[in-house]
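Only the coordinates and a few stated rules stand behind these numbers; no lab work does. Since we're looking at a predicted model, the values are computed, not measured. Reconstructed Cβ throughout: ideal geometry from the backbone, glycine too, with neighbour counts over all protein chains shown.
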Amino acid sequence: MTIPGFVIKNAFRNKRRAALCVLSVAASLALLVTLLVILDFFINPPEDTGSSLRIAVRNKVSLAASLPVRQRTIIAKIPGVEALTCLSYFGGNYKAEKSTYFAQFGMEPDQLEAVFGEAKMPRDQLEAWIANRTSCIVGADTAKRYNLKLGDKFPLVGVIYPVDLDLTIAGIYKGTTDDRNVFFHQKYLDELLGDPGTVGMWWIKASSAEVVPGVIDRINAAFANTSAEVLAETERAFQMDFIAMMANVKSLIAYICSVVVFALALVSASTMSMAIRERIRELSVLKALGFRRHELFAFILAESFSLAAIGFIIGVGGICAAFASVDFSALSGGFLPSSLLATPRIIGIAALVAVGLGIVSSLAPAFSIARLSVVEGLKTLD
Amino acid sequence: MPSLFKYHFRSVFVRWRSSIATIIGLALVIAVFVMVQSLAVGIEKTSANTGDPRNLLVTRQGALAEATSVITREQFNIIRYLPGVELDATGTPLASGDTLIIINLPRRDGTGNSNVMLRGIAPTGKELRSQATLVEGRWFAPGQREAVASRRLANRFANLHVGGKFKTGGVELTVVGIFDGQRSAFDSEIWLDADEARGAFDRPDYSSMLLRIRSNEALAEIRRTIEADRRLKVKAVREVDYYKEQTRTAGPIKWLGNGLAIVMSVGALFAAMNTLYASVGARTREIGTLRVLGFRRRSILLGFLLEGALLAALGGTLGCAAAYVGWNGASAGTLGQETFTEIVFDFQITPVLIAKGIAFAVIVGLIGSFLPALRAARLPVIASLKAN
């Protein structure tokens, strides 16, 4: 029998235990990957191609305060501003839902292509949307979740605003980092509100990455000491601000990740030591036959490595397959986006944990083998 | 039967080496479950602990939160003089028109900014909210650009100590006092004068209004009057009921806690099964002996189930204890879903939560021990006596 054959035979001699051990490693690694993916989604939101060129402008008081429409012409004249749209968060509930997780924005439809070029949809749908004031475009994820088609009614009940929107779907787009959002005509909202002359935010596309800092400074300066001071920042900085608001919940998830890793190490290490303890007599025989300590240690290490590796393949492979096939958005009631993705970095972390696990769980049995005298081991009954 | 129970009880401790890993593994699962759920409980308790049952809160119809509600001065004056509203010593109605403004402030530890609720209240507003007590400095004086902050916010945000200044909406406000909301939603607010807030933030109207009502009967009566009046288009609810509903933030946290607990317990389940299988394997001869002594198969099954449950209960208790020692009462904050501002609350590990945690552990223990117990019960007597 070859040495690898010997190791593999040993690892799976007690099939039930090997299976349980592998499954507990797999379950824990799958959980770890899921947590890291969710954490990544919150801490490190995906960037798309236009991200580095976009600038978000909000009221300096807070995101909840509105901006006067008259700012538009002033911003449009600033050199380096290529395109510009208002973006008003509507925050309504879909039909009779109690809490709707996809966001809805009022904007200027003719600016969509220029500012959010990633949102792809057929030309005729875009034109239909621009032409019809009470129509909207819906992200592919939302369309899928509610099973919506072009021409469907899409009613939104106002929560922040005292009006309800009675929208019709003119287009379904995809290709942005969050294909859940819904966009409608700002004009329609203004009309329902009786033209208050305010919008939520301004969203700007700069002509090149080099001019972005200058444009930001100019916009901030343009409204300093007016009744509506603004805060212009890159889209990335804006997203990061949002994440900072999650405060302790964010660190809590990170903290739980480490607890999961620790629990996992503990459980697998104990299972591995259990397997070795049962074979003390056999290992003593090997020692008596002339195998050295380091050789026995290599056997144990190889055995726990192979169990951890199989657990890694099943757990991480399984969860990646689940990400691809299960709709997490529906599972979480729309709280998560439907396209969760385990990045190579996350898979790398899981692999490192699996390797660490293989080492840690072979330590305790290795120590007892090293200390064991052959005679004592042969005498052991159990 | 009692002797069998004793046997299993002792077994857990005799084989402590394999028991302990299972116990700690389960303890970690339960600790995470209890900790995450205690956040949700903290949010719910804070909501339930806010308000005075004698108060009525009036908001715009359809508004889910005070900050997005609008009450015009005309509406304010109609409602304030309705019969049934309590009067103060000078004969003016106990009613406060509040202005709520969401402002963005830097955190004290420099980890970014977050939204904070600025509440403008009438001079009667403090009287209506007796939960908030001044612990440092003094209350604000109207017209002086002064504000008071809750102690919990002062601990989390920069410049909210007495004497601190912060600039927002073109005005600079000075903090002159610190109040304690006594674990209510007011712990997440900064207060100033309502009319001053309206001026500084260019608001013609109030956001909401709070009224003290003379009696329970008057309260029902006044609610009917207000809601039947078609001019008003407002909604009137008891202040306590309004806050009780403000628990949307707890939803995703609960979802996270349950999801984590389920996946982690699957991992722990396999580990527990492993321990118990090994334990059954090592005790083959003992089980044979028990059978010879006259114990039935079902007693053996029951005995091992009990052992699994005991192991799990120990783990569950340990996990709850760890969570309690580590987090109970610790303060946390996150973005509130209704308010869109930072809400501050405590991890609250209640007896109900502890019972849930232990029950959860016992269920995991019972499931994990079922197959090993079945195996033990099915061992053939003679063969198992011969085993070494």
Fill in: CD proxy at 222 nm, helix term only [per DSSP H run n ≥ 4: -39500 (n - 2.57); per residue of chain B; nearest 500]
-16500 deg cm²/dmol
Response to the item:
Which of A:ILE172, A:ILE346, A:ILE78 fluctuates most in a GNM of chain A (C-alpha springs under 10 Å)? That residue is A:ILE78
Worksheet entry | Angle between chain B longest axis and helix B:16-48 axis [Cα atoms, degrees, rounded to 10] | 20 degrees
Worksheet, complete the sentence: Looking only at lysines whose Cα falls under 18 Å of B:LYS233's and that sit 8 or more positions away or on another chain, we get none
Worksheet item: What pairs from A:LYS144/A:LYS187; A:LYS174/B:LYS45; A:LYS60/A:LYS98; A:LYS153/B:LYS45; A:LYS95/B:LYS356 go past 32 Å between their alpha carbons?
Response: A:LYS174/B:LYS45; A:LYS153/B:LYS45; A:LYS95/B:LYS356
Fill in: Residue-wise HN-Hα coupling along segment A:117-122, computed from phi with Karplus coefficients 6.51, -1.76, 1.60 (Hz; x: Gly, Pro)
x, 5, 6, 9, 7, x
Discussion item. Please enumerate, by chain and number, the aspartates and glutamates with C-alpha under 20 Å from the C-alpha of A:LYS120, excluding those fewer than 8 residues away in the same chain.
Written reply: A:GLU47, A:ASP48, A:GLU82, A:GLU108, A:ASP110, A:ASP141, A:ASP152, A:ASP178, A:ASP179, A:GLU235
Fill in: Centroid-to-centroid separation of segment B:162-203 and segment A:250-309 [C-alpha atoms, Å]
59 Å
Response to the item:
Under the Karplus relation with 6.51, -1.76 and 1.60 and θ = phi - 60°, whole-Hz ³J(HN,Hα) for segment A:161-178, x at Gly and Pro, equal 9, x, 10, 10, 9, 10, 9, 10, 7, 9, x, 10, 10, 8, x, 8, 6, 9
Fill in: Peptide-level mean, for B:21-30, of C-beta atoms on other protein chains within 10 Å
4
Worksheet entry | chain B: relative contact order as a whole-number percent, Cα under 8 Å and 6+ apart | 28 percent
Worksheet item: How well do other chains shield peptide A:88-101, expressed as the mean number of their Cβ atoms within 10 Å of each residue Cβ?
Response: 1
Item to complete: Count, for each residue of B:257-264, the Cβ atoms from other chains sitting within 10 Å of its Cβ, then give me the mean as a whole number.
Response: 4
Item to complete: Pull up all non-local amide H partners of B:ARG238: gap of 5 or more, or a different chain, and H-to-H distance under 5 Å with H placed in the peptide plane.
Response: B:LEU57
Discussion item. Let me check I've understood the local charge: for A:ALA11, count other residues with C-beta under 14 angstrom from its C-beta, Lys and Arg +1, Asp and Glu -1. What total comes out?
Written reply: +3
Worksheet item: In the protein assembly as shown, with Lys and Arg counted as +1 and Asp and Glu as -1 at Cβ, which of these residues, A:GLN186, A:ILE346, A:VAL260, has the Cα nearest the positive end of the dipole, that is, farthest along it?
Response: A:VAL260
Practice prompt. Would you please classify the overall shape of segment B:123-275 from the alpha carbon gyration tensor, given that a ≥ b ≥ c denote the square roots of the eigenvalues, rounded means a/c under 1.5, and beyond that prolate means a/b larger than b/c while oblate covers the rest?
Written response: oblate
Discussion item. What distance in nm separates the two pseudo spin-label positions at A:ILE313 and B:ALA48, each 7 Å out from Cα along the beta-carbon direction?
Written reply: 5.1 nm
Worksheet entry | Spatially proximal aspartates and glutamates relative to A:LYS287 (Cα-Cα < 17 Å; intrachain offsets below 8 disregarded) | A:GLU278, A:GLU295, A:GLU376
Response to the item:
Within the protein assembly as shown, the percent of DSSP beta bridges that are antiparallel, given to the nearest 5, stands at 80 percent
Practice prompt. Could you list which residues have their amide H under 5 Å from that of B:THR341, counting only those 5 or more apart in sequence or on another chain, with H placed in the peptide plane?
Written response: B:GLY336
Discussion item. Could you tell me which residue out of B:LEU306, B:GLN61, B:VAL148 lies farthest along the dipole of chain B toward its positive end? Charges go on the beta carbon: Lys and Arg +1, Asp and Glu -1, centred on the Cα centre.
Written reply: B:LEU306
Practice prompt. Between B:GLY199, B:GLY308, B:GLY164, find the one with the highest GNM mean-square fluctuation for chain B; connect C-alpha pairs within less than 10 Å.
Written response: B:GLY199
Response to the item:
A student applying the Cα gyration tensor rule (rounded when a/c is under 1.5; otherwise prolate if a/b is larger than b/c, oblate if not) would label segment A:107-185 rounded
Response to the item:
Between the Cα axis of helix B:297-327 and the main Cα principal axis of chain B, the angle (0 to 90°, nearest 10) is 30 degrees
Worksheet entry | segment B:284-388: relative contact order in percent, alpha carbon pairs under 8 Å with at least 6 residues between | 50 percent
Practice prompt. Determine the dipole magnitude for chain B: charges of +1 sit on the beta-carbon of Lys and Arg, -1 on that of Asp and Glu, nothing else is charged, the reference point is the Cα centre, and the result goes in debye to the nearest 20.
Written response: 2400 debye
Worksheet item: If Lys and Arg each add +1 and Asp and Glu each add -1, what is the summed charge of the other residues whose beta carbon sits under 15 Å from the beta carbon of A:LEU189?
Response: -4
Worksheet item: Could you give the angle, 0 to 90 degrees to the nearest 10, between helix A:344-371's Cα long axis and the longest principal axis of the Cα atoms of chain A?
Response: 20 degrees
Response to the item:
Mean Cβ-within-10 Å packing, highest first, puts peptides B:95-107, A:37-49 in the order B:95-107, A:37-49
Worksheet item: Mind listing the phi-derived Karplus ³J(HN,Hα) values for segment A:102-112, rounded to whole Hz, using 6.51, -1.76 and 1.60 with θ = phi - 60°, and x for any glycine or proline?
Response: 7, 8, 10, 10, x, 8, 9, x, 5, 9, 4
Fill in: Rel. contact order, % - alpha carbon contacts under 8 angstrom, at least six apart, chain A
27 percent
Fill in: Prolate/oblate/rounded call for segment B:131-215, Cα gyration tensor, a/c under 1.5 rounded
oblate
Worksheet item: If you count the DSSP beta bridges with both ends in chain A, what percent of them are antiparallel, to the nearest 5?
Response: 75 percent
Item to complete: Quick one: check the C-alpha center-to-center distance for segment A:168-237 versus segment B:74-125, whole angstrom.
Response: 31 Å
